[in-house]
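K.L.:
Questions regarding the structure given below will be posed in turn.
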Amino acid sequence: PAYRSIYASVGIDQVFGEVETMVGALSIAIEHPRVHHSMVLGSGDSIAFEIDVPRTALNAGKTVREVGAHPLFPRGAVIAGIATADGHVRVPRGDAVVRAGDVVLLVARRNDVALAIDFFAAAPLESTEQNSREPGRGRAT
């Protein structure tokens, strides 16, 4: 907002405009439908967001350490929290396991959000092959 300088003169260095916050969350919801909640951080270069880990996720069952070291997990993203189906929320360390059905809180640079979502959405190869064999799915032969 235009009045940021007034706040700065009295030592307030964080001003959140309601419109900016709403537009940021709305744009993430439109760009990434799998995201439940999101919050634009700082100048808008980073996003905190929640996604479900689907039952078919290839990377379900891996530790946070394994996820972070995986070559397809974006370097500009971190797992900040894991919520289980019963609502228990934990701040994960390296040995914490990301399970199917969990909700993962991630913080990522804006240009890494889609990569982080895709990382947890990827289905095992067997599921993909099976779907391509079902009538009406996959490529025509």
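The values are calculated or read from the model by the stated rules, or taken from the named source; none is laboratory data. Every value quoted in this text rests on a predicted model; they were computed, and no experiment measured them. Ideal geometry is used to build each Cβ from the backbone, glycine not excepted, and the neighbour counts take in all protein chains shown. Just so you know, the surface numbers come from the protein's heavy atoms only, side chains and all, with ligands and any DNA or RNA stripped out. Shrake-Rupley method; radii C 1.70, N 1.55, O 1.52, S 1.80 Å.
K.L.:
Roughly to the nearest percent, how much of the accessible area of segment 29-104 is carbon and sulfur, given a 1.4 Å probe?
P.N.:
On the way: 2470 of 4360 Å².
The computed percentage sits at 57.
K.L.:
Right, something else. May I have the extent of the alpha carbons of segment 55-122 along their three principal axes, as whole Å values ordered from largest to smallest?
P.N.:
Principal-axis extents of segment 55-122 (Cα, largest first): 31, 23, 19 Å.
K.L.:
Taking the simple approach of a point 7 Å from Cα along Cα-to-Cβ for both Arg75 and Arg93, what is their distance in nm?
P.N.:
Distance between the two pseudo-spin positions: 2.7 nm.
K.L.:
Let me ask you something else. Name the long-range amide H neighbours of Arg99: under 5 Å, sequence gap of 5 or more, or other chain; modelled H, no Pro or chain starts.
P.N.:
Gly61
K.L.:
Show me, for segment 77-90, the HN-Hα J-couplings you get by feeding each phi into the Karplus relation (A = 6.51, B = -1.76, C = 1.60, θ = phi - 60°), rounded to Hz, glycine and proline as x.
P.N.:
Calculated HN-Hα couplings, in order: 9, 9, 8, 9, x, 9, 10, 8, 4, 7, x, 5, 10, 10 Hz.
K.L.:
Then there is this: Please list the non-local residues whose amide H lies under 5 Å from the amide H of Leu41, H modeled 1.01 Å from N, same-chain partners needing a gap of 5 or more.
P.N.:
Ser46, Ile47, Ala48
K.L.:
On to the next question. Count charges around Val103 for me, please; just the other residues with Cβ under 9 Å from its Cβ, Lys/Arg as +1, Asp/Glu as -1. All intermediate terms of the calculation are to be shown ahead of the outcome.
P.N.:
Working: positive: none; negative: Glu50, Asp52, Asp102.
So the surrounding residues net to -3.
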